[in-house]
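What follows is a single structure, written as structure tokens, with notes after it.
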Amino acid sequence: MSIDDLARAAAADVRRRAAREVVPERRLGQLHRTRRTNNVLSVVAVLTIGAVVLIGGGALFGHNQIGTPGSETASVPTTPSQPRTPSPDPTPDPCHDPAVTCLGTNRFRVQLAVPVTVTLPANFEATFSIFSRDAMETHRSDLDTTGVTVLEHAIPVKYDASWTRDPTAGTSAKSVASWLFKRPFLTHATLTQVTLDGRIAWRVTADLKPGAALPAAKSDWSVAPTFVGGPVTEGYRQALNGEYTLLDVPGAGVTVIWSWSLGQGPGATLKNQDYVDSLTFG
Amino acid sequence: MTSMSPVGPETQSAAEALAASGQVIELRSAETFEAFYRRELPALVAFARVLSGSANADDIAQEAMLAAYRQWDSVALLDVPAAWVRRVCANRSVSLFRRRTVEARALLRVGARREEAESEPMAEEHGRFWAEVRRLPRRQAQVIALHYIYDLGVADIASTLGCAEGTVKVHLSRGRSALASRMNRSTEESP
């Protein structure tokens, strides 16, 4: 049974049990009672505010705010600060995630095998997707389908469907970067030595060669595979742009930082750079 | 949308009963909301259960419905009011689960997990699957739950969560891969 089959069976189980256990009529009555209670409390609050305003000589404002039970005013949204356009999104707080330590001033330490510290730029979501002890990802808030993925103990994989280690890549960041630079499915590749976290690192940029075979399955897509890190698989496909930065991190092996953007054009990852540059390990 | 929503005989009589009882609800909105509530609640409870763990899931679903009820004049005008209430429920469920993660450690130590104590036991493997879904990053868990509980496609999930379809695809792919790895399953989909 695949994960998809299991998921569908598990969903059917939950839906069936909820349909059996939930009695909408009874809960609808509860909801009406809650709403009436809230309305009464709200009207009392509005009347109180109105009275204060009137006493204070602010009658101009007060008259339009006062409602009575049974009037239309009492049945419109009741919280004064509530916006008219319904907003369903509470702000996510990464500090609630036990794998994330909030260090203040937008600095966060994420508990991978070797902890990763990042200073989150304003154009990134304050949400860390932590896939395993070896993999995390953060997405841009100002641009869809764009983000940065960090893979510790990254495994360079063969150019086939197997997602297994390619032994020709070597085991150092330098050798793996050189291997990536020469992948047969890439074109316009560049390889540059840079410094990250005070360590020597290698940066590889490239485009997918037109017509290159995409032998590996990555859920819904076919890709030219590059790395596996924990449960995360990475590879090139059309419209996926970005750059890899590779470095050796003691305790985390070859660590790969994949700054990527899907369908947003080749320049979309430029604003990922502050995030990448802020990364420290240990 | 309000006037176009289907209103069956059962709903009409319920609304008439409400009006006769003197409750302060504008008749057309009450009819529409109640039909909406009856149709959506069971699946919404299921959705909240898988995202939050079951201890407070029913309350979360009810709170999401109450939020819709309070703003029904606005919510009813949306293209898909159900998507709005699902999004409220998704956000509240995941927030609640995150807040409780730390508490859960202590509860686990004393072997007193509320969700196990208060729920009818689920097939062990299914329970484990949803527990793993709750361990996924917030957006992934929401995408996975919407996809499987509601059988929604990428476009509908994107619309529900207010994000791009590509984002949903990424989360769906990542989520499936992570779950397959943790549950020792393949990621092949059913035809």
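The values are calculated or read from the model by the stated rules, or taken from the named source; none is laboratory data. Since the model is a prediction, treat every value here as computed from it, not as a measurement. Quick reminder, even Gly has a Cβ in these numbers, built from the backbone with ideal geometry, and neighbours come from all protein chains shown.
No other residue among A:218, A:158, A:182, A:174 is within 14 Å of chain B (Cβ to nearest Cβ) and either of a type in the set (D, E, K, R) or more than 28 Å from the chain's Cα centre (by Cα) (or both) apart from A:218. Taking the criterion of being at pLDDT 80 or above and in contact with a Gly (Cβ under 9 Å, 6 or more places away or on another chain), the residues of region A:121-139 that qualify are A:124, A:125, A:133, A:134, A:135, A:137, A:138, A:139. Only a single criterion out of (1) under 16 Å from the mean Cα position of the chain (by Cα); (2) modelled with pLDDT under 75 is not satisfied by residue A:108, namely (2). Candidates in region A:121-148 are the residues that are within 11 Å of chain B (Cβ to nearest Cβ) and of a type in the set (Val, Ile, Thr); of these, the one that is nearest to residue B:154 (Cα to Cα) is A:145.
Among the residues of region A:163-178, those identified as over 14 Å from residue A:224 (Cα atoms) and hydrophobic (A, V, I, L, M, F, W, C) are A:169, A:173, A:176, A:177.
Given the options A:142, A:160, name the one that is charged (D, E, K, R), outside any strand (DSSP E or B) and at pLDDT 90 or above.
Matching residue, one of A:142, A:160: A:160.
Any residue that is within 27 Å of residue B:158 (Cα to Cα) and in contact with a His (Cβ under 8 Å, 6 or more places away or on another chain) - is there at least one of those in region A:149-170? No, region A:149-170 contains no residue that is within 27 Å of residue B:158 (Cα to Cα) and in contact with a His (Cβ under 8 Å, 6 or more places away or on another chain).
Condition check ((1) crowded, with 21+ Cβ neighbours inside 10 Å; (2) at pLDDT 85 or above; (3) more than 9 Å from chain A (Cβ to nearest Cβ)) across all residues:
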site	(1), (2), (3)
B:64	yes, yes, no
B:69	yes, yes, no
B:75	yes, no, no
B:79	no, no, yes
B:95	no, no, no
B:106	no, no, yes
B:113	no, no, yes
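Taken over region B:145-178, the criterion of being of a type in the set (Val, Ile, Thr), more than 7 Å from every other protein chain (Cβ to nearest Cβ) and crowded, with 23+ Cβ neighbours inside 10 Å is satisfied by B:157, B:160, B:168. Scan region A:222-238 and give yes if some residue there is without any contact (Cβ under 8 Å) to a residue 60 or more places away in the chain, more than 23 Å from residue A:191 (Cβ to Cβ) and not basic (Lys, Arg), otherwise no. Yes, region A:222-238 has at least one match.
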